[in-house]
Amino acid sequence: MQIGKTLKQFAQEEALNHPEIPADIASLLDDLAVACKYIGSLVNRAGLLDIRGAAGAENVQGEQQQKLDVISNEAILQGMAHTGHLAGMGSEEMDDPCQIPKGARRGDYLLLFDPLDGSSNIDVNISVGTIFSVLKAPESGRDVVEKDFQQAGSKQVCAGYAVYGSSIMLVYTSGFGVNGFTLDPNIGEFILTHPNMRVPADSKEYAINASNYRYWEKPVQRYIDELVAGKTGPRGQDFNMRWVGSMVADVHRIMNRGGTFMYPFDTKDAKKPGKLRLMYEANPMAFVIEQAGGAATDGRTRILDIQPEGLHQRVPVILGSKNEVERVTGYHQD
Ligand code: AHG
Ligand code: MN
Ligand code: MN
Ligand code: MN
């Protein structure tokens, strides 16, 4: 009888087959998976516990923190602090990065994460997720500082997401392809169900918050006008639109059947070039998408080449099916 391969078994084998992957990434992923299982169990019971709604505080983003934002953030901080893998952590829900606790064994990596992506969907029972990005920590044993986290996305050692949907899945890459694992609640393990995920180069499906149309740059307006015109326009075929309001859910759909996800530059808020954050949303998702054969730019520059200037810096995001992303990016050169 074929027994499913667990996340840890797969990641250990992957590191054996690819010496460039540090051997301890399997254990780091396994520890992170425990925190995701805990978050998933809370998300799936949110209505039964008093954990829905706002926490009553604003985060560094200027957003009303949801109770589950705070609880999920704590779950990862506590779950990862004493694993010996990390030198520090940074999160959407924390103003500054934190050291690992005094007395904990300092590890070789930095963890960046969006503990709960798509928070606005919690109370309406629509899929949410967790996004994570692993970077190398500075060699020396000193305390980490924000600058240590400001590494381009191309430097990521590992990245991925958990999606708390009709099933709970964890999808990650360590630079040698993308693999997806489904939580088997009977044994509490993530089991390999989506080996070698690939994003088709072409697609007829796109995801964007169309209510921001008047704030977009001309190239994006042109691209969307053409999709909306469908077979009556220059594209000569009809397209379909989806917008979940959770980046993780939209990206996971694209990882399964292709498509384009866009949160492009907009003039809605002069201080923010786009809504999504580079370090713990755009970079990890760009790494996963590229490793599955897709592409990811800010409209002009490859996301993974952007040199970060701040932990919470925002970037425009255009990612997904390669030929579509190259078309939109090409319109920005015209
Ligand atoms: P978060 O809940 O972590 O703050 O992220 C929400 C993001 C992203 O998940 C989603 O694609 C986007 O916000 C939706 O933005 P709009 O509500 O403006 O459509
Ligand atoms: Mn948020
Ligand atoms: Mn998010
Ligand atoms: Mn979030």
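The table below gives the values:
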item	result
Gap separating the Cα centres of the range 56-99 and the range 1-22, nearest whole Å	29
Helix axis angle, 218-229 relative to the chain longest principal axis, alpha carbon, degrees	70
Mean-position separation - Cα centroids, the range 213-248 and the range 103-174, in angstrom	30
Spherically averaged projected area of the range 205-333 from its Cα convex hull (nm²)	7.4
Solvent-accessible heavy-atom area per residue, rounded to whole Å², over the chain at 1.4 Å	42
All aspartates and glutamates inside 12 Å of residue 102 as judged from Cα atoms, apart from same-chain residues fewer than 8 positions distant	143
The chain, dipole about Cα centre (Lys/Arg Cβ +1, Asp/Glu Cβ -1), debye to the nearest 20	560
Largest-first ordering by accessible area, 1.4 Å probe, given options 106, 45	45, 106
Antiparallel DSSP beta bridges within the chain, as percent of all bridges there, nearest 5	80
Rounded to whole Å, sorted largest first: equivalent-ellipsoid semi-axes of the range 7-194, Cα gyration tensor	26, 22, 13
Positive-end residue, the range 205-333 charge dipole about Cα centroid, Cβ charges, pick of 256, 286, 213	213
Between 0 and 90°, nearest 10: helix 322-331 axis offset from the chain longest Cα axis	60
Portion, in percent, of the accessible area of the chain that falls on carbon or sulfur, probe 1.4 Å	50
Three principal axis lengths of the range 87-160 [C-alpha, angstrom, descending]	46, 29, 19
Charge dipole magnitude, Cβ of K and R +1, D and E -1 - the range 6-107, Cα centre, debye nearest 20	400
Whole-number percent relative contact order across the chain, with pairs defined as alpha carbons under 8 Å at least 6 apart	15
Among 296, 115, 310 the positive-end extreme of the charge dipole of the chain (Cβ point charges)	296
Theoretical FRET efficiency, 1/(1+(r/R0)^6), r = Cβ-Cβ of residue 221 and residue 305, R0 35 Å, to 0.05	0.85
Cα-Cα separations in the range 100-227 greater than 22 Å, expressed as whole percent	59
Cα-based Rg of the chain normalised by 2.2 N^0.38 Å, two decimals	0.96
Unsatisfied cross-links (Cα-Cα over 29 Å) in the set 147/272; 218/272; 5/275	5/275
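The values are calculated or read from the model by the stated rules, or taken from the named source; none is laboratory data. The model shown is predicted, which means the values in this text are computed figures rather than measured ones. With ideal geometry, Cβ positions are generated from the backbone for all residues, glycine too; neighbour counts draw on all protein chains shown. Surface areas here come from the heavy atoms of the whole protein model, side chains and all, with no ligands, DNA or RNA. Shrake-Rupley method; radii C 1.70, N 1.55, O 1.52, S 1.80 Å.
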